[in-house]
Amino acid sequence: MNLPNLITFGRLLSVPVAVYLLMQSAYLGAFLLFLLAGISDGIDGYLAKTRNQTTELGAILDPLADKALLVSVYVTLGLQGNLPNWLVVLVVFRDLLIVGGVIILFLVRLDVKMCPLIVSKINTAAQIALATLVLAELGFELQVMWLVEIAIYMVAATVLVSGASYMVAWTRQMAGIEDKTGPGAK
């Protein structure tokens, strides 16, 4: 296991710690851990690319660690009433939709290659920004609820557009209309 993969694995191990901190209302600690996880995501990607250490394990482990942390933070914040439940359901459902679509395409075609759509990248950035904002608001006792409200609706909109875009791309791919390399292929 190379250094980028070890960093990614460390990020995956931070998930239960983040949830525990949130459950203990240790929001500043959760914010700092979430921030550290984000920084580590950039570092492991940079190291993997610049040192030519990209691996199949890293290609699986990196998005898994990112999604596990983000979904866990969203679910915990939702259960605590710090994020609206309807938004948490949308975010989790979109991720389940994507995983389910990949499984179906794999079972049908056996040649699934994932290329994230641009709207999906925007959605992920919006989700990270919202989680960071909520954790900062709670951890530092900031008064930025108006900004949180705007971010909530930005996340909701991009979740809906991203989920619908994947559904359209997969439907077209299964019908043989698009290239068989997967949604978002160039």
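Values quoted throughout were computed directly from the atomic coordinates according to the rules given, and no laboratory measurement underlies them. What you see is a predicted model; the values in this text were computed from it and never measured. Because the Cβ atoms are built from the backbone with ideal geometry, glycine has one as well, and the counts that use them run over all protein chains shown.
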Check: If we count every other residue with Cβ under 10 angstrom of Thr8's Cβ, Lys/Arg +1 and Asp/Glu -1, where does the sum land?
Finding: -3
Check: Among all helices in the chain defined by DSSP H, which have a length of 20 Å or more along the axis from Cα atoms plus a Kyte-Doolittle mean of at least 1.6?
Finding: 85-109
Checklist line | GNM top mover of Leu69, Leu130, Leu138 - the chain, alpha-carbon springs below 10 Å | finding: Leu138
Check: In nm, to one decimal, how far is the modelled label at Ala175 from the one at Ala157, with both set 7 Å along Cα→Cβ?
Finding: 2.8 nm
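Calculate the translational D of region 87-155 in whole µm² s⁻¹ from Stokes-Einstein, where the hydrodynamic radius comes from the Kirkwood formula applied to all Cα pairs, the temperature is 10 °C and the viscosity 1.306 mPa s.
Translational D for this selection: 114 µm²/s.
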Item checked: Per DSSP, loop trypsin sites (Lys or Arg not before Pro) in region 46-79 with at most 14 further Cβ within 10 Å -> Arg51
Notebook entry, point to check: How much net charge surrounds Leu70 when only the other residues with a Cβ under 13 Å from the Cβ of Leu70 are counted, with Lys and Arg +1 and Asp and Glu -1?
Noted result: -1
Next item on the list: Rounding to the nearest 20 debye, state how big the charge dipole of the chain is about its Cα centre with +1 on each Lys and Arg Cβ and -1 on each Asp and Glu Cβ.
Entry: 460 debye
Note to self: Quick check on the exposure proxy: order Trp86, Trp146, Trp170 from fewest to most C-beta atoms within 10 angstrom.
What the structure shows: Trp146, Trp86, Trp170
Next item on the list: Please give the length that would be gained between Ile122 and Ile60 if that part of the chain were fully extended, namely 0.36 nm times their separation in residues minus their C-alpha to C-alpha distance (nm, one decimal).
Entry: 20.3 nm
Next item on the list: Can you pull a Stokes-Einstein diffusion coefficient for the chain at 20 °C (1.002 mPa s), Rh from Kirkwood over Cα pairs, as a whole number of µm²/s?
Entry: 123 µm²/s
Next item on the list: Take region 1-82, compute every pairwise Cα distance, and split them into 10 Å bins from 0; I just need the percent in each bin.
Entry: 19, 48, 24, 9, 0
Notebook entry, point to check: Quick one: if the Förster radius is 30 Å, what FRET efficiency do Val89 and Lys49 give, using the C-beta to C-beta distance and rounding to 0.05?
Noted result: 0.30
